[in-house]
Amino acid sequence: MSKSQQKVVDASKAVGRMAIESTQAIAQINQKAAQDFAGLIQKRVSELMKTQDPKSAFDYVHSEVLQDAAKEVMHYQQQLMDVLKSGNKELAEIAEVMIQDSKTDLIHFVNDATNNAPIGSEAYVSVFKTSFNNALQNFELVRAAMADSFVNFEKSVESVSNLSATKSAPKKKPS
């Protein structure tokens, strides 16, 4: 296998490993959340069964159960957001390395081709180098677009997290 093919294979393995690790982390978070939620519900239902007064039952559900549930949901969501951010950063790093490697390979290829060009082919070499410089500019555009997309993804994850935290924050009663 050539060196560039091996780099692509290695990058693909890294992306696959990151996807598997993220999936496993999310599965563990889901399993723990389900266990915690089941235990919390069981505890709250047994406490609720002890109350005799409907108003105190309502107050209990409102003050304890719903607030605890909101806290658990926020904690669960934060754990998921952390996994997504971590995976996003790792993907950004892998993409950056692949783009830099491709750029380096292209530079070496062009240098080899132009240094070994036959005598009398200067016009072709000039056109080739102009095309090469355009390709290098495109590499930079791709790298910048990729970096922007990863940053925008992370911002959207943060805004979803902030939005849900704002909506689930307990409302204060006016005094």
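The values are calculated or read from the model by the stated rules, or taken from the named source; none is laboratory data. All of these numbers come straight from a predicted model, not from anything done at the bench. Glycine also receives a Cβ, built like all others from the backbone with ideal geometry; neighbour counts cover every protein chain displayed. Keep in mind that these areas ignore ligands, DNA and RNA; they rest on the heavy atoms of the full protein, side chains included. Shrake-Rupley method; radii C 1.70, N 1.55, O 1.52, S 1.80 Å.
Of note:
- Checked against a 25 Å cut-off, the cross-linked pairs Lys7/Lys89; Lys43/Lys71; Lys3/Lys85; Lys32/Lys55; Lys13/Lys129 give Cα-Cα distances beyond that limit for Lys3/Lys85; Lys32/Lys55; Lys13/Lys129.
- For the chain, the solvent-accessible area with a 1.4 angstrom probe is 72 square angstrom per residue.
- Each of [x] -0.93, -1.12; [y] -0.77, -1.04; [z] -0.83, -1.15 is a candidate for log10 I(q)/I(0) by the Debye sum over Cα atoms at q = 0.14, 0.17 Å⁻¹; the one calculated from this structure is [x].
- The Cα center of the range 139-165 and the Cα center of the range 39-98 differ in position by 25 Å.
- Protein heavy-atom surface of the range 3-163, 1.4 angstrom probe: 62% of the accessible area is carbon and sulfur, with nucleic acids and ligands not counted.
- Proximal charge balance of Gly16 [Cβ under 12 Å; K/R count +1, D/E count -1]: -1
- Largest GNM mean-square fluctuation among Gln24, Gln100, Gln52, using the chain with Cα springs under 10 Å: Gln52.
- Within straight-line cross-link reach of Lys103, aspartates and glutamates at Cα separation under 18 Å, skipping those fewer than 8 residues along the same chain: Asp10, Glu93, Asp112, Glu140
- Between 0 and 90°, nearest 10: helix 3-50 axis offset from the chain longest Cα axis: 0
- Cα long-axis angle, helix 66-115 against the chain (0 to 90 degrees, to the nearest 10): 0
- The angle between the Cα long axis of helix 122-168 and the longest principal axis of the Cα atoms of the chain comes to about 0 degrees, rounded to the nearest 10.
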